[in-house]
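Enquirer: First the structure, then my questions, so here it is.
The values are calculated or read from the model by the stated rules, or taken from the named source; none is laboratory data. Note that this is a predicted model, so its numbers are computed, not measured. Positions of Cβ are backbone-derived with ideal geometry, glycine not excepted, and every protein chain shown enters the neighbour counts.
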């Protein structure tokens, strides 16, 4: 089967055309895989106690988990769909930077989150994708997030795709450990995932989510591992889905901002701009989490 998008990716330069390649991969070729992988990438960052402690302090995951999810997913999709230097992309980045700028977040934590956005989708697609990633897609994802990170004020991004992976793996070895905040944020996130399904299915969904977490994540969250047969079934279902998608016709419309799980902003993007997104500023957060001015 001739694949128009794959030919286009192969013809583009992964350095100078990184946004176009990333947009094709996320919006046309692997929308399901990127969305699931980025959900679990964010889930993964909550294994770092300094990250989960801040999230617990804001109360957003306890009070407004669906809006928190929708804001993050749609803002990242806007940047990927329209480009980080487009009007909508700049609006989205202003919302992201305003939200992060309130808090005393270390550069290393920000850099680690950025690394998961590059490498977790690559790892997911290597395991569950309907075709292998083209080398240009791997390299373009790195250069795309280097550019996004620069516009977020993130410093000291490693110089290559491989170096960034080493940073990610080293950071996890050093910082992943259990904390009560990890457990709380992990539980709120699990409950959010389950809420997207009918109530009778939610215990099975929770079991399936645990089946997708590796041992280091399970330990950091304090979650019990799923039985091995559940893990095999979950992975087998994803691989079966990939086999079916391999024979589906190519998409002609990007799926980036068409998020069926978005419940906060009806009919998005119709009638909305990225400036409409974003959680309200907490009124009662502990001052030690706030960025000091001056």
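Enquirer: Could you check segment 211-234 and list, in sequence order, the residues that are touching a residue at least 60 places away in the same chain (Cβ under 8 Å) and under 18 Å from residue 35 (Cβ atoms)? Quick ask: steps written out before the conclusion?
Expert: Going residue by residue through segment 211-234, those that are touching a residue at least 60 places away in the same chain (Cβ under 8 Å) are 212-213, 216-217, 220-221.
Across segment 211-234, the qualifying residues are 212, 213.
Enquirer: Filter segment 167-177 for residues that are buried (at least 16 other Cβ atoms within 10 Å of the Cβ) and assigned to a helix (DSSP H, G or I) and give the result.
Expert: 167, 168, 171, 172, 175, listed by residue number.
Enquirer: Take residue 20 and decide whether it is surrounded by fewer than 18 Cβ atoms within 10 Å (Cβ to Cβ) and either part of a helix (DSSP H, G or I) or out of contact with any helix residue (DSSP H, G or I) (no Cβ under 7 Å at 6 or more places or on another chain) (or both). Reasoning before the result, please.
Expert: Values: surrounded by fewer than 18 Cβ atoms within 10 Å (Cβ to Cβ): yes; either part of a helix (DSSP H, G or I) or out of contact with any helix residue (DSSP H, G or I) (no Cβ under 7 Å at 6 or more places or on another chain) (or both): yes.
Spelling it out, residue 20 is indeed surrounded by fewer than 18 Cβ atoms within 10 Å (Cβ to Cβ) and either part of a helix (DSSP H, G or I) or out of contact with any helix residue (DSSP H, G or I) (no Cβ under 7 Å at 6 or more places or on another chain) (or both).
Enquirer: Name the residues in segment 119-132 that are buried (at least 20 other Cβ atoms within 10 Å of the Cβ) and closer than 18 Å to residue 4 by Cα, would you?
Expert: 129
Enquirer: Within segment 30-49, is even one residue in contact with a strand residue (DSSP E or B) (Cβ under 9 Å, 6 or more places away or on another chain) and either over 24 Å from residue 278 (Cα atoms) or buried (at least 17 other Cβ atoms within 10 Å of the Cβ) (or both)? Steps first, please.
Expert: To start, the set of residues in segment 30-49 that are in contact with a strand residue (DSSP E or B) (Cβ under 9 Å, 6 or more places away or on another chain) comprises none.
No, the conditions are met nowhere in segment 30-49.
Enquirer: Note down all Cβ pairs under 8 Å where the first residue falls in segment 144-158 and is at negative phi and free of Cβ contacts under 8 Å to residues at least 24 places away in the same chain, the second is surrounded by fewer than 16 Cβ atoms within 10 Å (Cβ to Cβ) and assigned to a helix (DSSP H, G or I), and they're at least six residues apart or on different chains.
Expert: Pairs found: 158/166.
Enquirer: If you don't mind, there's one more thing I want to ask. Residues to consider are 90, 64, 8, 102; find the one that is surrounded by fewer than 20 Cβ atoms within 10 Å (Cβ to Cβ), farther than 26 Å from residue 172 by Cα and modelled with pLDDT under 95.
Expert: On the way: 90 fails: modelled with pLDDT under 95; 8 fails: modelled with pLDDT under 95; 102 fails: farther than 26 Å from residue 172 by Cα.
Being surrounded by fewer than 20 Cβ atoms within 10 Å (Cβ to Cβ), farther than 26 Å from residue 172 by Cα and modelled with pLDDT under 95 holds for just one of 90, 64, 8, 102, which is 64.
Enquirer: Please work out if residue 240 is modelled with pLDDT of 95 or more, assigned to a helix (DSSP H, G or I), in contact with a helix residue (DSSP H, G or I) (Cβ under 8 Å, 6 or more places away or on another chain) and farther than 18 Å from residue 68 by Cβ.
Expert: Details: modelled with pLDDT of 95 or more: yes; assigned to a helix (DSSP H, G or I): yes; in contact with a helix residue (DSSP H, G or I) (Cβ under 8 Å, 6 or more places away or on another chain): no; farther than 18 Å from residue 68 by Cβ: yes.
The answer is no for residue 240.
Enquirer: Being surrounded by 10 or more Cβ atoms within 10 Å (Cβ to Cβ), part of a loop (DSSP other than H, G, I, E, B), modelled with pLDDT of 90 or more and more than 19 Å from the chain's Cα centre (by Cα): is that true of residue 232 here?
Expert: Details: surrounded by 10 or more Cβ atoms within 10 Å (Cβ to Cβ): yes; part of a loop (DSSP other than H, G, I, E, B): no; modelled with pLDDT of 90 or more: yes; more than 19 Å from the chain's Cα centre (by Cα): yes.
Answer is no for this residue.
Enquirer: I need a count of the residues in segment 183-222 that are surrounded by 13 or more Cβ atoms within 10 Å (Cβ to Cβ) and part of a helix (DSSP H, G or I).
Expert: Here the count works out to 27.
Enquirer: Among the numbered criteria (1) touching a helix residue (DSSP H, G or I) at 6+ places or on another chain (Cβ under 6 Å); (2) in contact (Cβ under 8 Å) with a residue 12 or more places away in the chain; (3) more than 30 Å from residue 197 (Cβ to Cβ), which one does residue 82 miss?
Expert: If we test residue 82 against (1) touching a helix residue (DSSP H, G or I) at 6+ places or on another chain (Cβ under 6 Å); (2) in contact (Cβ under 8 Å) with a residue 12 or more places away in the chain; (3) more than 30 Å from residue 197 (Cβ to Cβ), just (2) comes out false.
Enquirer: What number of residues in segment 254-277 are in a loop (DSSP other than H, G, I, E, B) and touching a residue at least 12 places away in the same chain (Cβ under 8 Å)?
Expert: Taking segment 254-277 first, the residues in a loop (DSSP other than H, G, I, E, B) are 254-273, 277.
Pick out the ones that are also touching a residue at least 12 places away in the same chain (Cβ under 8 Å) and you get 254-257, 259, 261-265, 268-269, 273, 277.
Number of matching residues: 14.
Enquirer: One residue is enough: does segment 276-284 have a residue meeting the conditions closer than 21 Å to residue 35 by Cα and either modelled with pLDDT of 95 or more or out of contact with any helix residue (DSSP H, G or I) (no Cβ under 7 Å at 6 or more places or on another chain) (or both)?
Expert: The initial filter retains those residues of segment 276-284 that are closer than 21 Å to residue 35 by Cα, namely 277-279.
Going one step further and asking which of them are either modelled with pLDDT of 95 or more or out of contact with any helix residue (DSSP H, G or I) (no Cβ under 7 Å at 6 or more places or on another chain) (or both), we end up with none.
Looking through segment 276-284, none of the residues is closer than 21 Å to residue 35 by Cα and either modelled with pLDDT of 95 or more or out of contact with any helix residue (DSSP H, G or I) (no Cβ under 7 Å at 6 or more places or on another chain) (or both).
Enquirer: Then there is this: Please give the number of the condition residue 132 fails out of (1) part of a helix (DSSP H, G or I); (2) under 30 Å from residue 246 (Cα atoms).
Expert: Single failed check for residue 132: (1).
Enquirer: Go over the candidates 180, 108 one by one and state the one that is over 22 Å from residue 25 (Cα atoms), touching a residue at least 40 places away in the same chain (Cβ under 8 Å) and surrounded by fewer than 20 Cβ atoms within 10 Å (Cβ to Cβ).
Expert: On the way: 180 fails: touching a residue at least 40 places away in the same chain (Cβ under 8 Å).
After applying the criteria, what remains is 108.
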